[in-house]
Amino acid sequence: MDPASRKVTEYIDRNKNRILDFLCEFVSKKSINHGTPGTGDELEAQNWVRERFQEMGYDEVDYWFPDEAQKRPNVAGILKGKMGGRSLILQGHVDVVPVPDSELGLWKTDPWKGTVANGNVYGRGAGDTKGGNTAMIWASKAIIDCGIKLKGDLLVESVIGEESQEGETIGAADTIKRGHTAQFAIVSEPTNCEIHTESPGVFLFELTVPGKSSHTASRNQVIFPQRYGIDTGMSVGVDAISRMKMFLDLFERLELQWNQRWRSKVLGSGGYPVPNDKQGVGLFTINPSFIEGGTYLGSVPGYCKLTCNVWYPSWLKVDDVISELRERVHALAQTDDWLRENPPLLNGPVLQNWRPFKIDVDFEGVKVLASSYEEATGEKATHSGFRATCDATWLNENGVPAVTFGPGGLELGVHGPNEYVPIDELIRCAKVYALTIVNWCGVKT
């Protein structure tokens, strides 16, 4: 390990307690985003971040309001390179999901007060992504306080709107519109300290199955054959909820086929080249998120609507996946006398359509991040796929190659009760970020 790398890693070890205190205070700065555009309230937290950045001694702190209401700022701390080296962005979102009253009783700690216990830091946002943001901020603080002069620019960014997909407009993408660009970026999402070079995309669709309402007292005629001369079956009524079961079974079979058909050495494969990731296999799924049906408690249900959440691989387009779903639904409907003449309607994408990202594992920035991980930990890095969506999509789509790498994991209470980040991962990521800064941007000697 060279002198600059040794300085920053020792600095992080010495300041472990201060890093934990920083994260706990960060958690207490509420930055709730209710999940739809315009509902984020990140102002208090971003003002706090700006104050910390100003204290740290960046060459420049940029603070601006990209939203029409001028209440939701982005913040960027900038260290300017001295010799034209490679530039790097470290970025994480500041907004967090709400804690509903119905969930409060499930929390073992106050969700709005960072708590250190059992080798973890608990609190809303500790994992997603105030923990990762804390690690990247302290990595840059180590560079500043150790007096290291970089050859290339370093940008540390705290952005808004990720939880409501506003990263595409006023969050991550707006930083690039602002002029803050770089040759490589790391997004601090919780990846279990794995390097995620790819993600699936996600969208929702609605499937509406028509039925034919009739009195519930006539259900026997709807279901059972009757003697000749008595109306039966669809001449009396059609149970749309019962028909929907056909399509639920179809989607379960299709999930299995997709994960046998769609293969990637990174995404949903268990990890590459070290097969020990924590993301699990089989990431391409069709989740039945909502189902509704019927119009009256005394009627055979005359319609049923299913809303599904679909995760699909980065090398496909949304239209490709929807086309297959429509073909499968149509083919199955042809096996039913009623649905052949009264076909189901599949509408998508609806409500959400978040595109995937992908960067080659052999990209130079990924190689430097992996070698920095090995330098910091003595272990080989695991390359895997981020099993959710995030702001890395918008950076990649706007010309900045980006991966995700950060402490904690989606399974550690993220978007649920008792969210936490392991302290050892928090410190490990801070060291890896710091060494990546040194190794990517270069150090002026």
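The values are calculated or read from the model by the stated rules, or taken from the named source; none is laboratory data. All of these numbers come straight from a predicted model, not from anything done at the bench. All Cβ positions, even for glycine, are placed from backbone atoms using ideal geometry, and neighbour counts span all protein chains on display.
Things worth noting here:
- Residues of segment 265-322 classified as farther than 25 Å from Pro349 by Cβ, assigned to a loop (DSSP other than H, G, I, E, B) and of a type outside the set (A, V, I, L, M), total: 15
- Qualifying residue in segment 77-96 (condition: of a type in the set (D, E, K, R), within 25 Å of the chain's Cα centre (by Cα) and within 22 Å of Val116 (Cα to Cα)): yes
- Qualifying residue in segment 318-338 (condition: outside the structural domain of Lys367 (by TED's automatic domain parsing) and under 16 Å from Ser214 (Cβ atoms)): yes
- Residues satisfying the stated conditions in segment 323-362, i.e. in contact with a Gly (Cβ under 9 Å, 6 or more places away or on another chain), part of a helix (DSSP H, G or I) and of a type in the set (A, V, I, L, M, F, W, C): Leu325, Trp338
- Scanning segment 421-431 for residues that are surrounded by 24 or more Cβ atoms within 10 Å (Cβ to Cβ) and touching a strand residue (DSSP E or B) at 6+ places or on another chain (Cβ under 9 Å) gives Val421, Leu426.
- The single condition from (1) modelled with pLDDT of 95 or more; (2) surrounded by fewer than 24 Cβ atoms within 10 Å (Cβ to Cβ); (3) among the polar types (S, T, N, Q) that Gln260 fails is (1).
- Filtering segment 369-385 for residues that are of a type outside the set (Ser, Thr, Tyr), farther than 25 Å from Trp138 by Cα and either surrounded by fewer than 17 Cβ atoms within 10 Å (Cβ to Cβ) or out of contact with any strand residue (DSSP E or B) (no Cβ under 9 Å at 6 or more places or on another chain) (or both) leaves an empty set.
- Residues considered: Lys30, Lys82. Of these, the only one that is among the charged types (D, E, K, R), at pLDDT 95 or above and part of a loop (DSSP other than H, G, I, E, B) is Lys30.
- With respect to the conditions (1) surrounded by fewer than 18 Cβ atoms within 10 Å (Cβ to Cβ); (2) β-branched (Val, Ile, Thr); (3) within 19 Å of the chain's Cα centre (by Cα), Thr335 falls short on a single one, namely (3).
- Restricted to segment 196-221, and to residues there that are aliphatic (A, V, I, L, M) and modelled with pLDDT of 95 or more, the residue that is surrounded by the fewest Cβ atoms within 10 Å (Cβ to Cβ) is Leu204.
- Of all residues in segment 230-239, one or more are crowded, with 16+ Cβ neighbours inside 10 Å and under 41 Å from the mean Cα position of the chain (by Cα).
- Test: residue in segment 181-195 that is closer than 30 Å to Thr404 by Cβ, surrounded by fewer than 20 Cβ atoms within 10 Å (Cβ to Cβ) and of a type outside the set (Gly, Ala, Ser): yes
- Across segment 33-57, the qualifying residues are those that are among the polar types (S, T, N, Q), in contact with a strand residue (DSSP E or B) (Cβ under 8 Å, 6 or more places away or on another chain) and more than 8 Å from Ser164 (Cβ to Cβ), and the one among them that is surrounded by the most Cβ atoms within 10 Å (Cβ to Cβ) is Gln46.
- Residue pairs whose Cβ atoms lie under 8 Å apart, separated by 6 or more positions or on different chains, with the first residue in segment 289-300 and touching a residue at least 40 places away in the same chain (Cβ under 8 Å) and closer than 18 Å to Ser218 by Cα and the second among the charged types (D, E, K, R) and outside any strand (DSSP E or B), are Val300/Arg219; Val300/Asp239.
- Taking (1) under 30 Å from Leu207 (Cβ atoms); (2) in contact with a helix residue (DSSP H, G or I) (Cβ under 9 Å, 6 or more places away or on another chain); (3) not in a loop (DSSP other than H, G, I, E, B) in turn, Ser371 satisfies each apart from (1).
- Among the residues of this structure, Val222 does not count as one that is more than 26 Å from Trp338 (Cα to Cα) and in contact with a Gly (Cβ under 7 Å, 6 or more places away or on another chain).
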